[in-house]
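Accompanying notes for the structure given below.
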Amino acid sequence: MSILVSFDVDGTLIRSTGKNANKLHRDAFSAAFKTVFGLDTTIDVIPHHGSTDTLILVAVLEAHGIDKSKVMEALPELQRVMNEHFLGNLGRAGEGLEVLPGVVDLLKRLQADERFYTCLVTGNLEPIGWGKMDALGIGDLFTQPRFGGFGSDYCSGNTAETWRDRAEFVRLADKKGQRAAFVRRVHIGDAPMDVQAAADAGAVPLGVTTGIYTREQLEKAAPSAIILEGLQDLEQVLHVLEGSN
């Protein structure tokens, strides 16, 4: 029996902390806005929690009056600049970030159990998502070779329903991970968009209240979701992943 377990990154595996919270990632956005469109701006001009990197690029630039069609055309270059900035400063990738309680023990337990295949499903661009994992010392705890679904894999341009892009990431991770016949798929995230995406893509939605969203918000987004306070109760999480909750 093979079980696919996909993890959101920000707010699920790790959290931003301190005055330099998630600084390198945020700076990579600003570098892209400046380099490609000559704009001195940040992602904070829009509500961006639970969105994807590519949809955040679209929404910020639209907020500055740039036509969506031009933004969509420029997405490859915007992503290139973001990745270049991030990878060029990898020594700072862990700045303002920390691993959430229970994550290391859970990943090690899953790594030691041949039933489980683990990956990322995140709105981060792929090099940025894995860059954060490596900087915080947990990148090697995922199934090798690494795979997942990322903001760099797909962008619909639909900034009003960001969960739809995330659902596509869940499906893509399943396809990329087909080195096994998965009998169960579980996606873990802290945002309503995560659990909604999981449900839409046919995975079990496992919500955690380790981000900015409440249990009620997660349950409203996906009534079928299983909601936990976090990942620190290893046996409780394993029961959910195995389907014995």
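Shown in residue order for the range 93-104 are the 3J(HN,Hα) couplings computed by the Karplus curve 6.51 cos²θ - 1.76 cosθ + 1.60 at θ = phi - 60°: 4, x, 5, x, 9, 8, 6, 6, x, x, 5, 4 Hz (x for Gly and Pro). When the Cα gyration tensor is reduced to axis lengths a ≥ b ≥ c, the ratio a/c stays below 1.5 for the range 119-229, which is therefore classed as rounded.
Each label point was placed 7 Å from the Cα along the Cα-to-Cβ direction; for Lys19 and Glu216 their separation is 3.6 nm.
Antiparallel beta bridges, as assigned by DSSP with both residues in the chain, represent about 10 percent of the total such bridges.
For Lys70, neighbours were defined as the other residues whose beta-carbon sits under 14 Å from its Cβ, and their charges (Lys and Arg +1, Asp and Glu -1) total -3. When only Cα pairs below 8 angstrom with a gap of at least 6 residues are kept, the chain shows a relative contact order of 26 percent. Counting only DSSP H runs of at least 4 residues, each contributing -39500 (n - 2.57), and dividing by the residue count of the chain, the helix-based mean residue ellipticity at 222 nm comes to -13000 deg cm²/dmol. Of the cross-linked pairs Lys19/Lys132; Lys34/Lys68; Lys175/Lys220; Lys108/Lys132, those separated by over 22 Å at the C-alpha level are Lys175/Lys220.
Distance between the 7 Å Cα→Cβ label points at His49 and Asp134: 3.1 nm. For Leu231, no residue has an amide H sitting under 5 Å from its own, ignoring neighbours fewer than 5 places away on the same chain, with H placed 1.01 Å from N. Counting Lys and Arg as +1 and Asp and Glu as -1 over every other residue whose Cβ lies under 13 Å from the Cβ of Asn89, the net charge comes to +1.
Between the C-alpha center of the range 71-100 and that of the range 163-213 there is a gap of 23 Å. Going by the alpha-carbon gyration tensor, a ≥ b ≥ c the square roots of its eigenvalues, is the range 60-182 rounded (a/c under 1.5) or, if a/c is not under 1.5, prolate (a/b greater than b/c) versus oblate? Taking the square roots of the gyration eigenvalues as a ≥ b ≥ c, the range 60-182 is oblate. The C-alpha atoms of the chain define a longest principal axis, and helix 23-37 lies at about 40 degrees to it.
Can you match Cα extents along the principal axes in Å to one of these, [x] 73, 48, 24; [y] 46, 42, 39; [z] 53, 36, 34, based on a calculation from the structure here? It is the value labelled [z].
Placing a label point 7 Å from the Cα of Thr35 along the Cα-to-Cβ direction, the residues of the range 7-29 whose backbone N falls under 16 Å from that point are 24-29.
Across the range 1-118, the relative contact order, built from alpha-carbon pairs under 8 Å that are at least six residues apart, equals 44 percent. Rounded, prolate or oblate: which fits the range 93-137, taking a ≥ b ≥ c as square roots of the Cα gyration tensor eigenvalues, rounded meaning a/c under 1.5, else prolate when a/b beats b/c? Cα axes put the range 93-137 in the oblate bin. Within the same chain, aspartates and glutamates fewer than 8 places from Lys70 are excluded, and of the rest, those with a Cα less than 14 Å from its Cα are Glu62.
How high is the FRET efficiency from Gln111 to Leu87, r the C-beta distance, R0 35 Å, rounded to 0.05? Working from the Cβ atoms, E equals 0.85.
The numbers here are math on the coordinates, done by the rules we state, and not lab data. Computed from a prediction, not measured in an experiment: that's the story for all the values here. Quick reminder, even Gly has a Cβ in these numbers, built from the backbone with ideal geometry, and neighbours come from all protein chains shown.
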